[in-house]
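Structure record follows, encoded as C-alpha coordinates.
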Amino acid sequence: MSNLIAAALVFLGIHLFISGTRVRDAITTAIGERPYLGLFAAAERRFADAARHYRACLSGYAETGDAFLQSPLAGLARVAIEVGRAEAAAQLLGMVDAELERTGMRFDQFERLGYDQAKAGARAALGEEAFMGAYASGRTLKRDSWFGKADAIVAAVEAADASRQGRNSHTVAGLTPRERDILILVADGRSDREVAEALFIGQGTVRSHLTNIFGKLEVGSRTAAVAAARRLGIL
(Lines give C-alpha, C1' and ligand atoms only; values in the text may rest on other atoms or scores of the structure.)
Protein backbone atom coordinates (compact mmCIF):
# COMPACT_ATOMS: atom_id res chain seq x y z
CA MET A 1 0.00 0.00 0.00
CA SER A 2 1.38 3.41 -0.96
CA ASN A 3 2.01 6.09 1.65
CA LEU A 4 -0.64 8.30 0.07
CA ILE A 5 -3.28 5.58 0.21
CA ALA A 6 -2.34 4.79 3.80
CA ALA A 7 -2.66 8.46 4.69
CA ALA A 8 -5.97 8.61 2.89
CA LEU A 9 -7.28 5.68 4.91
CA VAL A 10 -6.29 7.40 8.15
CA PHE A 11 -8.15 10.48 7.00
CA LEU A 12 -11.23 8.41 6.16
CA GLY A 13 -11.18 6.86 9.60
CA ILE A 14 -11.81 10.31 11.03
CA HIS A 15 -14.63 11.28 8.67
CA LEU A 16 -16.57 8.10 7.86
CA PHE A 17 -19.06 8.34 10.68
CA ILE A 18 -22.21 8.22 8.53
CA SER A 19 -23.28 4.58 8.11
CA GLY A 20 -23.64 3.42 4.53
CA THR A 21 -21.93 6.46 2.97
CA ARG A 22 -19.60 5.58 0.12
CA VAL A 23 -15.97 6.61 0.44
CA ARG A 24 -15.86 9.29 -2.24
CA ASP A 25 -19.21 10.77 -1.18
CA ALA A 26 -18.03 10.89 2.42
CA ILE A 27 -14.88 12.76 1.46
CA THR A 28 -16.68 15.44 -0.53
CA THR A 29 -19.35 15.80 2.14
CA ALA A 30 -16.84 16.04 4.98
CA ILE A 31 -14.44 18.49 3.36
CA GLY A 32 -15.94 19.57 0.03
CA GLU A 33 -12.57 20.49 -1.46
CA ARG A 34 -11.09 19.49 -4.81
CA PRO A 35 -7.52 19.19 -3.47
CA TYR A 36 -8.56 16.06 -1.62
CA LEU A 37 -10.32 14.67 -4.69
CA GLY A 38 -7.04 15.29 -6.50
CA LEU A 39 -5.09 13.60 -3.71
CA PHE A 40 -7.26 10.49 -3.85
CA ALA A 41 -7.14 10.38 -7.65
CA ALA A 42 -3.34 10.59 -7.49
CA ALA A 43 -3.22 7.85 -4.84
CA GLU A 44 -5.19 5.66 -7.28
CA ARG A 45 -2.79 6.70 -10.08
CA ARG A 46 -5.55 8.45 -11.99
CA PHE A 47 -3.25 11.34 -12.74
CA ALA A 48 -5.35 12.93 -15.48
CA ASP A 49 -8.30 13.18 -13.08
CA ALA A 50 -6.00 14.49 -10.35
CA ALA A 51 -4.58 17.18 -12.64
CA ARG A 52 -8.06 18.33 -13.67
CA HIS A 53 -9.18 18.54 -10.04
CA TYR A 54 -6.11 20.56 -9.06
CA ARG A 55 -6.46 22.90 -12.06
CA ALA A 56 -10.13 23.55 -11.31
CA CYS A 57 -9.30 24.12 -7.65
CA LEU A 58 -6.58 26.62 -8.57
CA SER A 59 -9.06 28.62 -10.64
CA GLY A 60 -11.71 28.47 -7.95
CA TYR A 61 -9.39 29.62 -5.20
CA ALA A 62 -8.03 32.44 -7.34
CA GLU A 63 -11.53 33.67 -8.20
CA THR A 64 -12.67 33.73 -4.58
CA GLY A 65 -9.45 35.20 -3.20
CA ASP A 66 -8.85 32.11 -1.07
CA ALA A 67 -5.47 31.71 0.60
CA PHE A 68 -5.06 28.02 -0.22
CA LEU A 69 -3.52 28.33 -3.67
CA GLN A 70 -0.46 26.39 -2.55
CA SER A 71 -2.51 23.18 -2.21
CA PRO A 72 -3.42 22.66 -5.89
CA LEU A 73 0.01 23.93 -6.96
CA ALA A 74 1.70 21.24 -4.86
CA GLY A 75 -0.69 18.62 -6.23
CA LEU A 76 0.13 19.63 -9.79
CA ALA A 77 3.84 19.38 -8.97
CA ARG A 78 3.41 15.75 -7.99
CA VAL A 79 1.45 15.03 -11.17
CA ALA A 80 4.16 16.78 -13.21
CA ILE A 81 6.73 14.29 -11.90
CA GLU A 82 4.61 11.41 -13.16
CA VAL A 83 4.65 12.73 -16.73
CA GLY A 84 8.34 13.62 -16.84
CA ARG A 85 7.93 17.37 -16.25
CA ALA A 86 10.49 17.61 -13.45
CA GLU A 87 11.52 21.20 -14.25
CA ALA A 88 7.89 22.34 -14.17
CA ALA A 89 7.46 20.48 -10.88
CA ALA A 90 10.45 22.28 -9.36
CA GLN A 91 9.07 25.64 -10.50
CA LEU A 92 5.69 24.83 -9.00
CA LEU A 93 7.35 23.90 -5.72
CA GLY A 94 9.06 27.29 -5.74
CA MET A 95 5.67 28.94 -6.23
CA VAL A 96 4.26 26.83 -3.38
CA ASP A 97 6.93 27.86 -0.88
CA ALA A 98 6.68 31.51 -1.87
CA GLU A 99 2.93 31.37 -1.34
CA LEU A 100 3.27 29.59 2.00
CA GLU A 101 5.68 32.27 3.18
CA ARG A 102 3.40 35.06 1.93
CA THR A 103 0.27 33.74 3.63
CA GLY A 104 1.75 32.07 6.70
CA MET A 105 -0.27 28.96 5.87
CA ARG A 106 0.92 25.41 6.55
CA PHE A 107 0.21 22.09 4.86
CA ASP A 108 -1.65 19.33 6.63
CA GLN A 109 0.09 15.95 6.82
CA PHE A 110 -1.50 14.61 3.63
CA GLU A 111 -0.59 17.63 1.53
CA ARG A 112 2.91 17.60 3.00
CA LEU A 113 3.37 13.98 1.95
CA GLY A 114 2.55 14.81 -1.68
CA TYR A 115 4.78 17.90 -1.58
CA ASP A 116 7.72 15.89 -0.22
CA GLN A 117 7.27 13.22 -2.89
CA ALA A 118 7.21 15.85 -5.64
CA LYS A 119 10.35 17.52 -4.29
CA ALA A 120 12.22 14.22 -4.00
CA GLY A 121 11.17 13.25 -7.52
CA ALA A 122 12.20 16.58 -9.03
CA ARG A 123 15.58 16.53 -7.27
CA ALA A 124 16.26 12.98 -8.43
CA ALA A 125 15.33 13.77 -12.03
CA LEU A 126 17.13 17.12 -12.35
CA GLY A 127 20.06 16.96 -9.96
CA GLU A 128 20.52 19.48 -7.16
CA GLU A 129 21.85 22.39 -9.23
CA ALA A 130 19.18 22.25 -11.93
CA PHE A 131 16.50 21.68 -9.31
CA MET A 132 17.51 24.75 -7.32
CA GLY A 133 17.63 26.87 -10.48
CA ALA A 134 14.11 25.88 -11.52
CA TYR A 135 12.86 26.18 -7.93
CA ALA A 136 14.30 29.71 -7.62
CA SER A 137 12.74 30.79 -10.91
CA GLY A 138 9.39 29.46 -9.76
CA ARG A 139 9.49 31.61 -6.63
CA THR A 140 9.53 34.75 -8.79
CA LEU A 141 6.80 33.81 -11.29
CA LYS A 142 3.65 35.93 -11.30
CA ARG A 143 0.23 34.43 -10.72
CA ASP A 144 -0.70 34.56 -14.43
CA SER A 145 2.16 32.16 -15.11
CA TRP A 146 0.79 29.65 -12.63
CA PHE A 147 -2.21 28.97 -14.80
CA GLY A 148 -0.09 28.48 -17.90
CA LYS A 149 2.03 25.94 -16.03
CA ALA A 150 -1.09 24.21 -14.74
CA ASP A 151 -2.63 24.01 -18.22
CA ALA A 152 0.58 22.56 -19.66
CA ILE A 153 0.67 19.85 -16.99
CA VAL A 154 -2.99 18.94 -17.53
CA ALA A 155 -2.36 18.69 -21.29
CA ALA A 156 0.75 16.56 -20.76
CA VAL A 157 -0.90 14.11 -18.40
CA GLU A 158 -3.99 13.78 -20.61
CA ALA A 159 -1.76 13.06 -23.60
CA ALA A 160 0.20 10.47 -21.61
CA ASP A 161 -3.04 8.89 -20.42
CA ALA A 162 -4.42 8.67 -23.96
CA SER A 163 -1.17 7.12 -25.16
CA ARG A 164 -1.18 4.57 -22.36
CA GLN A 165 -4.78 3.60 -23.08
CA GLY A 166 -3.92 3.18 -26.73
CA ARG A 167 -0.99 0.88 -25.92
CA ASN A 168 -3.10 -1.18 -23.52
CA SER A 169 -6.24 -1.36 -25.62
CA HIS A 170 -5.67 -5.04 -26.41
CA THR A 171 -5.47 -6.36 -22.87
CA VAL A 172 -7.34 -9.39 -21.53
CA ALA A 173 -10.57 -9.89 -23.50
CA GLY A 174 -9.77 -6.68 -25.38
CA LEU A 175 -10.97 -4.47 -22.53
CA THR A 176 -9.51 -0.98 -22.37
CA PRO A 177 -8.30 0.41 -19.01
CA ARG A 178 -11.44 2.57 -18.78
CA GLU A 179 -13.71 -0.40 -19.44
CA ARG A 180 -11.92 -2.35 -16.74
CA ASP A 181 -12.34 0.59 -14.32
CA ILE A 182 -16.07 0.56 -15.02
CA LEU A 183 -16.29 -3.21 -14.60
CA ILE A 184 -14.56 -3.00 -11.22
CA LEU A 185 -17.14 -0.48 -10.02
CA VAL A 186 -20.01 -2.54 -11.43
CA ALA A 187 -18.67 -5.55 -9.54
CA ASP A 188 -18.76 -3.38 -6.42
CA GLY A 189 -22.50 -2.92 -6.94
CA ARG A 190 -22.39 0.65 -8.26
CA SER A 191 -25.26 1.97 -10.38
CA ASP A 192 -24.66 3.76 -13.69
CA ARG A 193 -25.00 7.09 -11.87
CA GLU A 194 -22.53 6.10 -9.18
CA VAL A 195 -20.02 4.82 -11.74
CA ALA A 196 -20.34 8.09 -13.66
CA GLU A 197 -19.75 10.14 -10.51
CA ALA A 198 -16.76 8.04 -9.47
CA LEU A 199 -15.05 8.38 -12.86
CA PHE A 200 -16.24 11.93 -13.66
CA ILE A 201 -17.98 10.90 -16.86
CA GLY A 202 -21.60 10.98 -18.05
CA GLN A 203 -24.10 8.18 -17.49
CA GLY A 204 -24.48 7.84 -21.25
CA THR A 205 -20.74 7.23 -21.51
CA VAL A 206 -21.00 4.56 -18.82
CA ARG A 207 -23.80 2.81 -20.71
CA SER A 208 -21.81 2.97 -23.94
CA HIS A 209 -18.80 1.39 -22.22
CA LEU A 210 -21.02 -1.31 -20.72
CA THR A 211 -22.38 -2.14 -24.16
CA ASN A 212 -18.80 -2.57 -25.40
CA ILE A 213 -17.92 -4.68 -22.36
CA PHE A 214 -20.92 -6.97 -22.91
CA GLY A 215 -19.90 -7.45 -26.54
CA LYS A 216 -16.28 -8.24 -25.75
CA LEU A 217 -17.18 -10.67 -22.99
CA GLU A 218 -20.08 -12.11 -25.02
CA VAL A 219 -22.63 -11.61 -22.25
CA GLY A 220 -25.94 -9.82 -21.96
CA SER A 221 -26.05 -8.41 -18.43
CA ARG A 222 -24.01 -6.70 -15.74
CA THR A 223 -24.10 -9.81 -13.53
CA ALA A 224 -22.91 -12.03 -16.37
CA ALA A 225 -20.16 -9.55 -17.24
CA VAL A 226 -18.84 -9.59 -13.69
CA ALA A 227 -18.96 -13.39 -13.61
CA ALA A 228 -17.13 -13.66 -16.93
CA ALA A 229 -14.50 -11.13 -15.83
CA ARG A 230 -13.82 -13.10 -12.68
CA ARG A 231 -13.58 -16.32 -14.63
CA LEU A 232 -11.04 -14.73 -16.99
CA GLY A 233 -9.01 -13.26 -14.13
CA ILE A 234 -9.81 -9.65 -15.06
CA LEU A 235 -11.28 -9.03 -11.62
Considering only residues that are outside any helix (DSSP H, G or I) and closer than 20 Å to F40 by Cα, which ones fall in region 107-130?
F107, D108
Qualifying positions in region 131-153 - surrounded by fewer than 13 Cβ atoms within 10 Å (Cβ to Cβ) and in a loop (DSSP other than H, G, I, E, B)
K142
Quick check on region 28-36. Is at least one of its residues within 28 Å of D188 (Cβ to Cβ), modelled with pLDDT of 90 or more and in contact with a helix residue (DSSP H, G or I) (Cβ under 9 Å, 6 or more places away or on another chain)?
no
Could you list, in sequence order, the residues of region 99-154 that are among the acidic types (D, E) and touching a helix residue (DSSP H, G or I) at 6+ places or on another chain (Cβ under 8 Å)?
E99, E111, D151
In region 53-71, which residue that is crowded, with 21+ Cβ neighbours inside 10 Å and not polar (S, T, N, Q) is farthest from the chain's Cα centre (by Cα)?
L69
Would you point out which residue out of A156, A228 is part of a helix (DSSP H, G or I), at pLDDT below 90, among the small types (G, A, S) and under 27 Å from R85 (Cβ atoms)?
A156
Please determine whether any residue of region 100-116 is surrounded by fewer than 22 Cβ atoms within 10 Å (Cβ to Cβ), in the same structural domain as Y36 (by TED's automatic domain parsing) and among the aromatic types (F, W, Y).
yes
In region 170-211, residue surrounded by the most Cβ atoms within 10 Å (Cβ to Cβ) [restricted to those that are in a helix (DSSP H, G or I) and among the hydroxyl-bearing types (S, T, Y)]:
T205
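The values are calculated or read from the model by the stated rules, or taken from the named source; none is laboratory data. Please read all numbers here as calculations on a predicted model, not as lab measurements. Cβ: placed from backbone, ideal geometry, glycine included. Neighbour counts: every protein chain shown.
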